[in-house]
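Below is one structure; the comments refer to it alone.
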Amino acid sequence: MIRIYFAGIDLGSTMTKIVILDEEGQVLASVISHTGAEHRRLANRVMEEALGKAGLGIKEITFVLATGYGRINVPFADQQITELTCHARGVASFFPNVRLAIDIGGQDAKGLKIRNGRLLDFVMSDKCAAGTGRFLEVIADALGLKVEDLGEISMRSTRKVTVSSTCTVFAQQEVVNHLSAGVALEDVVAGLHDAIASRVARMVRRLKVELDVVFTGGVAKNIGVVKALEEHLGCAVLVPEEPLFSGAIGAALIGKERVMQALDRGEVLPTRERRLEEATFFG
Amino acid sequence: MAYFMGVDVGSSTTKGVIIRDGVLEARHILTSGVNYRVAARRVMDELLEKAGLCLGDVACIVATGQGSANVDYSNRQVADLRCCGRGIVRIFPTAHTVIDVQGQSTQVLRLNERGQVINFAISEKCASGSGRFLDIIANVLQVRLEDIGPLSLESKNPITFTTGCAVFGESEAVSRVSEGVPREDILAGVHRALAEKISALVGKVGLEERCAISGGGGRDIGLIRRIEERLGVELLVPPEPQFVTALGAAIMAEEACEEEEGA
Amino acid sequence: MTQQTRPRALNRLKSMYALRAEVDKMYEGGGGSEEERKPVAWVMLEGWANPILNAMGIRTVYPENYSSVCAAQGLATPFMERADAEGWPSHLCGYARTCVGYSSRMVELGGEIPPEAPAGGMARPILLVGSGEVCDARFKWFQSLGRFFDAPVWTIESPSPSLRERLQEDAYERNVQFLVDELKAFVAFLEKLMGKKMDWDQLEHTGGGTTEINRLRWEINELRKARPGPMHTRDFWSAMSAALYRGAADPEGITQGHRLMYDEVKERVDRGIAGINRPEKYRLSFEGLPPWHSLGFLEQLADRGWNFVIESAYRPGRPVSIDLSKYDDPMERYVRRRYRSLDESLEEDYGPEEAEIIRKEILRDGTSRRLGLRHIREYQVDGVVLHILLSCRAASSGLNLLQQRMLDTLKVPALVIEGDIIDTSLFNPAEALRKAEAFEETMDHYRQVRKELGMPW
Amino acid sequence: MAAEQSKGLARAREVYLDRSRRAKELRAEGKKVVGYLCIYPVLEMVTALDLMPYRLFGDMREPITEADSYLPTVVCPFLRSCLDLGLKDRYDFLDGIITCHICDVGASLGGLWDYAVQTPFSHHLDTPHTLHETSLKQEKAMVVGLKEALEGFAGRTISAPALRNAITLHNQQRALVREMYDLRKPDPPLISGVETVRVIKAIQSLPVQEGNQLLREVISEARERRDGPRKKSARLLLWGSILDDTALVEMIESLDANVVMDDTCVGSRGFFSDVELTEDPLDGLARYYLTEIRCPRTFRSRDYMEARKDYMKDLESRFSYLHDYARDWNAGGVILESVRYCDTHGYEVPGVEDYLDSVGLPRTYLEHDYTEGALAPLRTRVQGFLEIIG
């Protein structure tokens, strides 16, 4: 029999993630790459790479669902859905009992209220970079640190400082002031994590915090923020092994469901022509 | 004859000048980095080196700027707003409005003939009104700071930013680039956004016929033109706008000594 | 740090502490057992409800004041975060958000007072009395508390016409009649709620009792015109709650407290003692509501020689003797005692000549550039601090205009400081001090300008 | 009447895009134009004096610069924008202005306008905040006050027949608007949300007769049209504060949804009931303007004079009309919208949410700062909401 495959691509503001699933929902390939300026080229490139890993050709992919901030720039996607719905679905695939998911990505922070894998309600920050991954990136950058090291650094903190500025750029100056005044780096970094956690906790409380709370997105890799969130929410916060892929996996799973439901109805969902743009084969 | 030093520890750069008889003896600028103390020390060493002096030769030192507390060798600290006023009237005695575009914030001052601040307005607690917005965008567009202005002037239709946030402005600029929007239109978009915020500040303090610009923004011809369009006046631009506040600090040092002699 | 080596810059009044202590009696743990047995109404501060409720044997508590108590003790934030979580937009009044959070917490505890509540906390209300006066929050906020309490909400309607409309000759009498009817309806409602009749003699007592307190507050403020200013605005704020919130409940006690305060201030004037322990370099007025969470900031300004000798908010009105003999309806007496016509108050406040000019200006322009500036002139201030509140439209929307008028007509500059009554995250002391230093130059400059124009200060 | 080829929806769009043109023409012909804030001023009396009522709006596409000197950035950006336009002489063709106690800032706008813009005639209407018996008397007095002021300004008195006629004309306008809204009931609707905003804004920029004419054209055109909105998965009800620009609705309708009904003041709010022709016409007018306009600025309580309060019943008495709208226009979800710093709508949101939850209507709350650009980030929120209810 012919096997069918599903791809989910999550084109985020900083990272682009893609996964390919088979019809059992097993992950055959996953690729993550920095999102640059050229979304369309990038989408094609990561797709190629994923296909390579999965040993498949583009024509063998039954359905491609795109999500994330750049979802409209995925030339070969059959449908687009918001990251809100896809994250909810993806997180539920890791933790079936999840009721509240927090996703802190590059561009925004989200709180998702979930029941049985379905999104019920959400809150999100999108007016400014405070309380997002960019907040940490910008500041880590200014301090010449790797953003992935921040978590470990903050674990050494004994007396975290308060970072009062909301504006990322100003917070960066505040940090420099603290350091110049001789405050230990770990205490400053811990202060940053606390600032993010309190903002996000404040926001997600609107959804009424219930266990299990799951934390995804790039920032979920930061143990410092995880601990700070647990402090502010007063409960344990679970982090999946691949916190960055919940969106992409959710997208692929939703695609799979839609195709299957259509098949049950004896329909075939309309799909794009399966080809990657020439440019990407050479360029 | 006494020497006076002014040190301006700003958010992105640290500037220092030494004057004597109100004449510039030495000036130096360096990036503030992540430790203001170090920056403050280094700028002092460089200044003394250039002027061929030792610290003892300097009668009085005034520190200003947001990192002024870290200038441990200064005799006193003075708010940058006051120093900016003093500095600008030394260069343009008749300038009674100054637009001071700093990395951290943008401030507009009204001055009397003695350079005293008689009214002022400061951009809000968000970097979207400050020079940092420009740095961030220029950086992601890989435009060298000195090219920002000329390039922006080539723009036919400046973009409008959908976000108020400087940091998000960066990602927005990125996606506009991917849509094939020319860099000059993006830069001009930033300039226009800043010019709008600035003209609102000017509206609060009142515009004088003779209006000057200082701070890093004063080196950006693109920004200057946009502001001039909005305000309908020609801005007075000092030769080295970024040193105005440091110069003012040195003048404050001078005044401080005179006071003490007077007292 | 100067604070350690030198005496505190603020020179507090001893008589203030007693009055400040009075306020705690509103809350649980204060007031005495007899007081505590009475049913509690949460009330907005306005001219009308308090004496009526007290006369009906209902204890009045003021969430506006309680929120500032929470803020002053640094305990408001958790309540406000709760309000966020309950879905109240975060730009709303800090008083309201603190109160919403408090109410939500109370419900969580089955109606019990939260253990973390300062000053003993506010008891669960049987009634919420909102007001159409001053700001929208004062009736919308209590209405929105319905999620937590099934207590009825009554909003006391009171006319707030524009200046020009207030000068129409029939306007005053019409508004008096309106208030009489409105308040009688309120009494009818209370009688139904309490199942007992209104004691009108008691109202005469509670309603009249505050007149003397107001007179004393006025006299004290008159003393504050002295150089150096004998009483700092911080003492005024600390004491004012007693008069505003407790005056009707305990007229004698509060009156006595103010007598003592009058004597202390008088003595300071006679001996030339200032409200700050530093030379009075600058006399200032504080325009707008105080930053309850950061009052310590005033200490830093006082250390620079800034003496806040007067303030715009909660200023007592000039005492006037009104002949009520020809009115026998107790409610009408009650209303006329407190509600003055714009014509009269202009005459009283500005004298016949200026009042006439102002009247003309209002009829012509709808407003007068002279209004709201009298205290600037009479207290001869060098500058004012305009406190723009990020969560209060009512107190902030007029400030920029005031700033321009002061500069135009009196050559007195204003320092704009953005902050909030409750929300600490919005106030940046370092930035404010940076502005303050520059503002000293501005005040020096305009001192010179006023001198050149031959103005008295 | 100036040469006009275009009719109906095209005409509405024209007026929407250049709304002051007609007012300026008529002014050139000697008609006096009276600007008014919000929908509380009694337009019937303006019309009866043969003056032209012209609603004050802001412009979310124009950055606010001048108004910063008068109103701090922490107050309603819509009102700041109105004042900003006034300060930029965009309202220099007005002979008079009527403000009203719509909210704290709205109440202060009159004074600021008098001080800084100085339109020759101005009057402030102090509409009461409650529906108490006393308030109705007070509102009547306010209406009388406005009448006298307007008569003084126009230099003539309002005759009873003229006022009756004006009331009839404005009631006709209300009826026509309701008729137009009926055309949004079919699926797909015959008139889009964007078109509706254009039409309402247009008729608030024209004399009532011309507005009624425009409505008739729009209605007959829409009945026949083939180029109406497409069928979409979601039909939405929009509740909220002032929306005097199509941008937000445009964004929503660019997604898989049609806005089929609204409760906003550039929408149904001013048109869904009529002024009763009473013995003394002013009684009917006072009652209508105090009680019939459902803006949160008015305190409504089911339990007036009641010693007990029942929260859910109170909510029902205040918001059940939203449930009716959703039923009659077959809306599957509600978008609650408010401009930032709007206190009256802000305090209303929790109650509206509790009510909608109690009747099982999905809802989402959007806050915007009255700039066109800032609407873009809301797109994902709306789309997410559509995915939830879809």
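The values are calculated or read from the model by the stated rules, or taken from the named source; none is laboratory data. The structure presented is a predicted model; accordingly, all values stated were derived computationally and were not measured. With ideal geometry, Cβ positions are generated from the backbone for all residues, glycine too; neighbour counts draw on all protein chains shown.
Looking at the stretch D:257-276, can you tell me whether even one residue there is over 29 Å from D:Glu44 (Cα atoms), within 14 Å of chain C (Cβ to nearest Cβ) and more than 17 Å from the chain's Cα centre (by Cα)?
Among the residues of the stretch D:257-276, not one is over 29 Å from D:Glu44 (Cα atoms), within 14 Å of chain C (Cβ to nearest Cβ) and more than 17 Å from the chain's Cα centre (by Cα), which makes the answer no.
Can you spot a residue in the stretch D:43-53 that is within 29 Å of D:Leu169 (Cα to Cα), part of a loop (DSSP other than H, G, I, E, B) and touching a strand residue (DSSP E or B) at 6+ places or on another chain (Cβ under 8 Å)?
Yes, the conditions are met somewhere in the stretch D:43-53.
Counting residues that are out of contact with any Lys or Arg (no Cβ under 6 Å at 6 or more places or on another chain) and hydroxyl-bearing (Ser, Thr, Tyr), which helices (runs of 4 or more DSSP H) fully inside the stretch C:340-410 reach at least 1?
Of the helices (runs of 4 or more DSSP H) lying wholly inside the stretch C:340-410, those with at least 1 residues that are out of contact with any Lys or Arg (no Cβ under 6 Å at 6 or more places or on another chain) and hydroxyl-bearing (Ser, Thr, Tyr) span C:342-365, C:393-396.
For the stretch D:318-366, which positions are modelled with pLDDT under 95 and more than 10 Å from every other protein chain (Cβ to nearest Cβ)?
Passing the criteria: D:Val339, D:Leu366.
Go through the stretch A:15-37 and give me each residue that's surrounded by fewer than 17 Cβ atoms within 10 Å (Cβ to Cβ) and in a loop (DSSP other than H, G, I, E, B).
A:Glu23, A:Glu24, A:Gly25, A:Gln26, A:Gly36, A:Ala37
Out of all the residues in the stretch D:164-207, which are buried (at least 21 other Cβ atoms within 10 Å of the Cβ), within 21 Å of D:Val34 (Cα to Cα), out of contact with any Asp or Glu (no Cβ under 6 Å at 6 or more places or on another chain) and of a type in the set (A, V, I, L, M)?
D:Val199, D:Ile200, D:Ala202, D:Ile203, D:Leu206
May I ask you to say which residue of C:Leu407, C:Leu433, C:Leu386, C:Leu401 is in contact with a Leu (Cβ under 7 Å, 6 or more places away or on another chain), within 14 Å of chain B (Cβ to nearest Cβ) and surrounded by fewer than 21 Cβ atoms within 10 Å (Cβ to Cβ)?
C:Leu401
So that you can scan it fast, the table gives a plain yes or no per residue for (1) modelled with pLDDT under 95; (2) of a type in the set (Lys, Arg):
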site	(1), (2)
C:Arg359	yes, yes
C:Arg364	yes, yes
C:Gln380	no, no
C:Arg405	yes, yes
C:Val412	no, no
C:Ile417	yes, no
C:Ala430	yes, no
C:Glu440	no, no
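Do you know which residues across the stretch B:215-236 are β-branched (Val, Ile, Thr), surrounded by 17 or more Cβ atoms within 10 Å (Cβ to Cβ) and out of contact with any helix residue (DSSP H, G or I) (no Cβ under 6 Å at 6 or more places or on another chain)?
Scanning the stretch B:215-236 gives a single hit, B:Ile224.
Just to verify a result, which residue in the stretch D:110-134, among those that are part of a helix (DSSP H, G or I) and either modelled with pLDDT of 95 or more or out of contact with any Gly (no Cβ under 9 Å at 6 or more places or on another chain) (or both), is nearest to the other protein chains (Cβ to nearest Cβ)?
D:Thr134
Condition check: closer than 27 Å to D:Gln383 by Cα and buried (at least 21 other Cβ atoms within 10 Å of the Cβ). Does D:Arg230 satisfy that?
The answer is no for D:Arg230.
Given the residues A:Lys127, A:Lys110, which is the only one that is within 17 Å of A:Ser13 (Cα to Cα) and free of Cβ contacts under 8 Å to residues at least 24 places away in the same chain?
Exactly one of A:Lys127, A:Lys110 is within 17 Å of A:Ser13 (Cα to Cα) and free of Cβ contacts under 8 Å to residues at least 24 places away in the same chain, namely A:Lys127.
Would you mind stating whether D:Arg318 is more than 20 Å from C:Pro125 (Cα to Cα) and in contact with a Ser or Thr (Cβ under 9 Å, 6 or more places away or on another chain)?
The answer is yes for D:Arg318.
Exactly one of these conditions fails for D:Thr119: (1) in contact with a strand residue (DSSP E or B) (Cβ under 6 Å, 6 or more places away or on another chain); (2) buried (at least 21 other Cβ atoms within 10 Å of the Cβ); (3) β-branched (Val, Ile, Thr). Give me its number.
So the condition that D:Thr119 fails would be (2).
Name the residue, out of D:Leu94, D:Leu83, D:Leu71, D:Leu43, that is more than 9 Å from every other protein chain (Cβ to nearest Cβ), of a type outside the set (Asp, Glu) and in contact with a Ser or Thr (Cβ under 7 Å, 6 or more places away or on another chain).
D:Leu94
When you scan the stretch A:254-266, do you find a residue that is assigned by TED's automatic domain parsing to the domain that holds A:Met15, within 23 Å of A:Ser13 (Cβ to Cβ), surrounded by 14 or more Cβ atoms within 10 Å (Cβ to Cβ) and in contact (Cβ under 8 Å) with a residue 24 or more places away in the chain, even just one?
yes
Could you grab the pairs with beta carbons closer than 6 Å, sequence gap of 6+ or different chains, first residue in the stretch C:426-441 and under 18 Å from B:Cys84 (Cβ atoms), second one at pLDDT below 80?
Listed by first residue and then by second, the contacts come to nothing, as the list is empty.
Mind checking which pairs have a first residue in the stretch B:154-183 that is at positive phi and within 10 Å of chain A (Cβ to nearest Cβ) and a second that is among the small types (Gly, Ala, Ser) and crowded, with 16+ Cβ neighbours inside 10 Å, Cβ under 7 Å, 6 or more apart or different chains?
No pair meets every condition.
What is the one condition in (1) acidic (Asp, Glu); (2) in a loop (DSSP other than H, G, I, E, B); (3) free of Cβ contacts under 8 Å to residues at least 24 places away in the same chain; (4) away from every other protein chain (no Cβ under 11 Å) that B:Glu124 does not satisfy?
Exception for B:Glu124: condition (4).
Checking the condition closer than 23 Å to C:His375 by Cα and buried (at least 19 other Cβ atoms within 10 Å of the Cβ), which residue from C:Ala313, C:Ala302 passes?
C:Ala302 is the lone residue from the list that is closer than 23 Å to C:His375 by Cα and buried (at least 19 other Cβ atoms within 10 Å of the Cβ).
Considering only the stretch C:139-146, I want to know if a residue exists there that is of a type in the set (A, V, I, L, M), within 8 Å of chain D (Cβ to nearest Cβ) and either without any contact (Cβ under 8 Å) to a residue 60 or more places away in the chain or crowded, with 19+ Cβ neighbours inside 10 Å (or both).
No; the residues of the stretch C:139-146 include none that is of a type in the set (A, V, I, L, M), within 8 Å of chain D (Cβ to nearest Cβ) and either without any contact (Cβ under 8 Å) to a residue 60 or more places away in the chain or crowded, with 19+ Cβ neighbours inside 10 Å (or both).
Is it the case, given these coordinates, that C:Glu267 is surrounded by 15 or more Cβ atoms within 10 Å (Cβ to Cβ) and either assigned to a helix (DSSP H, G or I) or not aromatic (Phe, Trp, Tyr) (or both)?
No; evaluated as a whole, the condition is false for this residue.
Restricting attention to strands (runs of 3 or more DSSP E) lying wholly within the stretch B:1-86, give those where 2 or more residues are surrounded by 24 or more Cβ atoms within 10 Å (Cβ to Cβ) and modelled with pLDDT of 95 or more.
B:3-9, B:13-20, B:58-64
Residues are listed down the side, and each one gets a yes or a no for (1) in the same structural domain as A:Gly25 (by TED's automatic domain parsing); (2) part of a strand (DSSP E or B):
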| site | (1), (2) |
| --- | --- |
| A:Ala77 | yes, no |
| A:Val91 | no, no |
| A:Asp103 | no, yes |
| A:Gly106 | no, no |
| A:Gly111 | no, yes |
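Just name the residue that is surrounded by the fewest Cβ atoms within 10 Å (Cβ to Cβ) out of those in the stretch D:63-100 that are in a loop (DSSP other than H, G, I, E, B) and of a type in the set (A, V, I, L, M).
The qualifying residue surrounded by the fewest Cβ atoms within 10 Å (Cβ to Cβ) is D:Val74.
Pick out the one residue from B:Ser171, B:Ser155, B:Ser175 that is assigned to a loop (DSSP other than H, G, I, E, B) and surrounded by fewer than 23 Cβ atoms within 10 Å (Cβ to Cβ).
Step by step, each of B:Ser171, B:Ser155, B:Ser175 is checked, and only B:Ser155 is assigned to a loop (DSSP other than H, G, I, E, B) and surrounded by fewer than 23 Cβ atoms within 10 Å (Cβ to Cβ).
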